[in-house]
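Here's the structure we're looking at; comments come further down.
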Amino acid sequence: MKAIWIFQHTAGEGPGYLADFLVRHGLPYRLIKIDENDPVPDSIEDTPGLVFMGGPMSVNDDLPWIPKVLHLIRQAVAADRPVLGHCLGGQLLSNALGGVVTRNPVKEIGWLPVEQVDGPITREWLDGLEPRFDAFHWHGETFSLPAGASHILKSRDCANQAFVIGKSLGLQCHVEMTAAMVRDWARTGAEETSQTCATVQNTEQLTADLEQRVARLQGIADVLYRRWVRGLA
């Protein structure tokens, strides 16, 4: 199989646990580092699927690579090749397919619960998971659901946490986290989390019971990733 393309938009937000999952399942990948000025390919011809990680920028920012990746996403969806978006990546998927990205009513930072939105697509993609579980969050914007998408996850303060469209999955929350990534984000984002509220956790809260929380999250990621890779050619 040709390599899955994984787009990294900033140094601290790499593929994390997703890379471990792909290696474990014998699925090759290529990391395209937007943050190091790697060129965005013009065509999806050489890959069976696209993955987009998170980042501090907005889909609405005037950045030269954003129109290029939006075009690539549209190519993939039109060709029935799976796209997987985490946080910013989910926003890119939504926007490429006609959705809009706007400011969320509040920031969500930390270990916060999400709930399943019941339906046949939800049951297929979240098979065996609890109706409500904790995911990791770090975002201030949110996406709308593009036309034809199935809404599968929501939270109290962010209505659209995940959607499926065809073989593609867009996530607002992060399921790719490792313990090292959480510690790194807690350290580099300490100023942003210094004033806590119901939806923003501080460093101590972010890292409490970390190994157990990450293990549970990776179990959730396994379910989503296993379903996503079924769509690879």
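Observations
- Some residue of the range 172-186 being within 17 Å of residue 105 (Cβ to Cβ), touching a residue at least 40 places away in the same chain (Cβ under 8 Å) and in contact with a helix residue (DSSP H, G or I) (Cβ under 7 Å, 6 or more places away or on another chain): yes
- Options 54, 85, 90; residue that is in contact (Cβ under 8 Å) with a residue 60 or more places away in the chain and in contact with a Cys (Cβ under 7 Å, 6 or more places away or on another chain): 54
- Some residue of the range 45-67 being over 26 Å from residue 185 (Cα atoms), of a type in the set (S, T, N, Q), open to solvent by less than 10 Å² (accessible area, probe 1.4 Å) and modelled with pLDDT of 95 or more: yes
- Within the range 94-201, strands (runs of 3 or more DSSP E) holding 2 or more residues that are open to solvent by 10 Å² or more (accessible area, probe 1.4 Å): 101-116, 132-143, 150-154
- Qualifying positions in the range 80-111 - within 17 Å of residue 44 (Cα to Cα) and in contact with an Asp or Glu (Cβ under 9 Å, 6 or more places away or on another chain): none
- Considering only residues in the range 71-87 that are open to solvent by less than 40 Å² (accessible area, probe 1.4 Å) and outside any loop (DSSP other than H, G, I, E, B), the one that is farthest from residue 104 (Cα to Cα) turns out to be 76.
- Those residues of the range 100-120 which are hydrophobic (A, V, I, L, M, F, W, C), under 17 Å from residue 175 (Cβ atoms) and without any contact (Cβ under 8 Å) to a residue 60 or more places away in the chain, in sequence order: 114, 117
- The one condition from (1) open to solvent by 20 Å² or more (accessible area, probe 1.4 Å); (2) in a helix (DSSP H, G or I); (3) touching a Ser or Thr at 6+ places or on another chain (Cβ under 8 Å) that residue 223 does not meet is (3).
The values are calculated or read from the model by the stated rules, or taken from the named source; none is laboratory data. Nothing here was measured: the structure is a model prediction, and the numbers come from that model. All Cβ positions, even for glycine, are placed from backbone atoms using ideal geometry, and neighbour counts span all protein chains on display. The accessibility values were calculated without ligands, DNA or RNA, using every heavy atom of the protein model including side chains. Shrake-Rupley method; radii C 1.70, N 1.55, O 1.52, S 1.80 Å.
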